[in-house]
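Worksheet: one structure, shown below.
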Ligand code: IVH
């Protein structure tokens, strides 16, 4: 290959043309046919060479240049695009019987007893787009919006390599191709992993990730995300060149659009059923999420006759998978060792979308549960998500069990420290007897100690705790407060640098720098004063969650008081507290009877001041005595702060929406709770409205 500096103008132009064609072909092979004709490295060489030539000859940059696939313009907000042909939605059904009704309805409408063929298409769980071509050129793209008006995502769509920028001359002069933008499961996991490492937004499911990636004002960000598309319908068309949905897919394919290979014409109800069952079965193994199968009358003449209801076509329906359940594989059964030594079996699942949320783990509760359901590694299982609870395994699909899968044997030793794991006679739980010599228990306690509702130390995430523990930097909570002192200075002008060379020098660790270390120290210093409820909660007393910690704070007022009475096993007051039962009381007293725990507390209090609890509840606030639920991401405060604020104003904070809920405070990306509130007719407030309501109350005081 010639050195770029030596290229003549003509040569450069010729090579750019060649590169554009080669890269387009490679994109096509990779995305459309799933058969890359170039290795990643070869592909990169072409892209780089193209960019280098363009940099030298900017006026030769071609309209169809591969570099233009990255949208450049940064907009301040999305423009609106009115759909010339509305983007409709589909009616939902959940059973084969309802599909049969739908088919009968179609026949009745057409007044025919003849068999009708349907195109069955996987229902892609993404977000729909409309791409408009005029005289073969891609001119604009839009989201569905409310179906009538969508957002202008032209630049964002341009960054999706699978979307053709040009249609062949034979295509209609005006052609709107519609379909779904989605994020493949593997790209979703990779994105989340990366975001997690960078402390950026972690998406709940591939659909949200796709939406968040596509609806970026800066298309450069869209370009960095891996988005994919399937095309499946059309909007405005100047001349319709196809007579069936099947023909249309052939056209789309010919024009270079990805069409789902699982799309299939079904000519009878039994074919519909078989196809549906087949797709359900392979669902977990598909590289992308689907949430049902769409049936469309294949013959467009019939479609035209059937027409539309208000918002949905009469010729199509979505057969949704049963809600909140999905079938997937158990890849492994892990035994987690908790803060209190409890061994909890957890199933690692082949990740799957269950009712809109990606699920990759399910709790197995305890060893009896595994036995009762005869759950084995490698089994296909039905997972279920109910509300906000951790996913569970409903049943094992024994008919899918590979021959020779061994029974699962629950360990009688702690998998983390090797100590005996014992099960008290009347207990379902087996516990590690290693106490704090068990690294798992010690780490879990530390993680709990720094968690959001406890000391809330930003910078000490789970991974950091694990590393610091393993490297002997943090063994118990008090060590957190000596970190700065033990770190040594990194001030290069420091005359005592010779001595400080002996410190921990966290800033030299991988993933850390001066700034992040200083931030961490600042965060820790900030927590040297801590509220009583947070402190109690942070201790990790078995069964004592933040609500109980608050009750204890309210009833004892100071930590000294609490400790004094607990150490004296003075339980009369304790168990009289509404919300603290006998079992819990025993656990609390037992905690304070443990010498080691008292030592931890004593050490900690050398560095930490525990504030006394003042009963600061405001009783005449608009939310006093009411039950509120928070959902979504709050912008102005953390969840924990919001909760504290609500409680300060006399409200009870609940985790899920029910008929007892008075207010739902909704942040961004609110999910099912907001929907439920709406269904139940519960008052929904934005975060701002909520804060304003409380402030108003204050100014009236
Ligand atoms: S056809 C008039 N086909 O489902 C028919 N929609 O519930 C318009 N979807 O907004 C849609 N896969 O986002 C169609 N193969 C498919 C689909 C599909 C997913 C989505 C689409 C639409 C929603 C309707």
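The values are calculated or read from the model by the stated rules, or taken from the named source; none is laboratory data. It should be emphasised that the depicted structure is a prediction, and the values quoted were computed from it without experimental measurement. Every residue, glycine as well, gets a Cβ built from its backbone with ideal geometry; the counts of neighbours run over all protein chains shown.
Would you check if residue 463 is within 30 Å of residue 530 (Cα to Cα) and touching a helix residue (DSSP H, G or I) at 6+ places or on another chain (Cβ under 6 Å)? It is false that residue 463 is within 30 Å of residue 530 (Cα to Cα) and touching a helix residue (DSSP H, G or I) at 6+ places or on another chain (Cβ under 6 Å).
This table checks each residue for (1) crowded, with 20+ Cβ neighbours inside 10 Å; (2) farther than 29 Å from residue 103 by Cα; (3) within 16 Å of the ligand (Cβ to nearest atom); (4) in contact (Cβ under 8 Å) with a residue 60 or more places away in the chain.
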| residue | (1), (2), (3), (4) |
| --- | --- |
| 217 | no, yes, no, yes |
| 232 | yes, no, yes, yes |
| 237 | no, no, yes, yes |
| 245 | yes, no, yes, yes |
| 252 | yes, no, yes, yes |
| 255 | no, yes, no, yes |
| 262 | no, no, yes, yes |
| 281 | no, no, no, no |
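Out of everything in segment 611-627 that is in contact with a strand residue (DSSP E or B) (Cβ under 8 Å, 6 or more places away or on another chain) and touching a residue at least 60 places away in the same chain (Cβ under 8 Å), what residue ends up being farthest from residue 552 (Cα to Cα)? Restricting to residues being in contact with a strand residue (DSSP E or B) (Cβ under 8 Å, 6 or more places away or on another chain) and touching a residue at least 60 places away in the same chain (Cβ under 8 Å), the top hit is 623.
Beta carbons closer than 6 Å, at least 6 apart along the sequence or on distinct chains, pair a first residue in segment 552-571 that is closer than 19 Å to residue 530 by Cβ with a second that is not in a helix (DSSP H, G or I) for 553/613; 555/577; 557/612; 557/613; 558/612; 559/610. Away from the ligand (no atom under 16 Å from the Cβ), modelled with pLDDT of 95 or more and either touching a helix residue (DSSP H, G or I) at 6+ places or on another chain (Cβ under 8 Å) or closer than 21 Å to residue 242 by Cα (or both): is that true of residue 191 in this structure? The answer is no for residue 191. Here 312, 328, 340 are screened, and the one residue that is within 16 Å of the ligand (Cβ to nearest atom) and modelled with pLDDT under 95 is 312. For segment 154-182, the set of residues classified as in contact (Cβ under 8 Å) with a residue 60 or more places away in the chain and within 15 Å of the ligand (Cβ to nearest atom) consists of 176, 177, 178, 179, 182, listed by residue number. Out of 105, 145, 91, one residue alone is closer than 29 Å to residue 321 by Cα and under 26 Å from the mean Cα position of the chain (by Cα). It is 145.
Only one of these is closer than 30 Å to residue 116 by Cα and either more than 16 Å from the ligand (Cβ to nearest atom) or not in a strand (DSSP E or B) (or both): 351, 345, 322. Name it. So the residue among 351, 345, 322 that is closer than 30 Å to residue 116 by Cα and either more than 16 Å from the ligand (Cβ to nearest atom) or not in a strand (DSSP E or B) (or both) is 322.
Yes or no, residue by residue, for (1) surrounded by 13 or more Cβ atoms within 10 Å (Cβ to Cβ); (2) within 19 Å of residue 451 (Cβ to Cβ):
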| site | (1), (2) |
| --- | --- |
| 538 | yes, yes |
| 548 | yes, yes |
| 554 | yes, no |
| 562 | yes, no |
| 568 | no, no |
| 576 | no, no |
| 579 | no, no |
| 589 | yes, no |
| 614 | no, no |
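For segment 647-661, the criterion of being more than 23 Å from the chain's Cα centre (by Cα) and in a helix (DSSP H, G or I) is satisfied by at least one residue. All of (1) under 19 Å from residue 223 (Cα atoms); (2) without any contact (Cβ under 8 Å) to a residue 40 or more places away in the chain hold for residue 111 with one exception: (1). Filtered by the rule that a residue be within 17 Å of residue 231 (Cα to Cα) and touching a residue at least 40 places away in the same chain (Cβ under 8 Å), segment 123-140 gives 123, 124, 125, 126, 127, 128, 129, 130, 131, 132, 133, 140. Condition check for residue 228 on (1) farther than 13 Å from residue 121 by Cα; (2) within 14 Å of the ligand (Cβ to nearest atom); (3) free of Cβ contacts under 8 Å to residues at least 60 places away in the same chain: one failure, at (3). Residues that are modelled with pLDDT of 95 or more and either within 23 Å of residue 301 (Cα to Cα) or within 16 Å of the ligand (Cβ to nearest atom) (or both) do not occur anywhere in segment 81-92.
Taking the conditions exactly as written (in contact with a strand residue (DSSP E or B) (Cβ under 7 Å, 6 or more places away or on another chain), at pLDDT below 95 and on the phi < 0 side of the Ramachandran plot), does residue 223 satisfy them or not? When the stated conditions are applied, residue 223 does not pass them.
In segment 78-98, the residues that are under 23 Å from residue 238 (Cα atoms) reach residues that are more than 15 Å from the ligand (Cβ to nearest atom) with C-beta atoms within less than 7 angstrom, at least six apart or across chains, in these pairs: 80/152; 81/140; 81/152.
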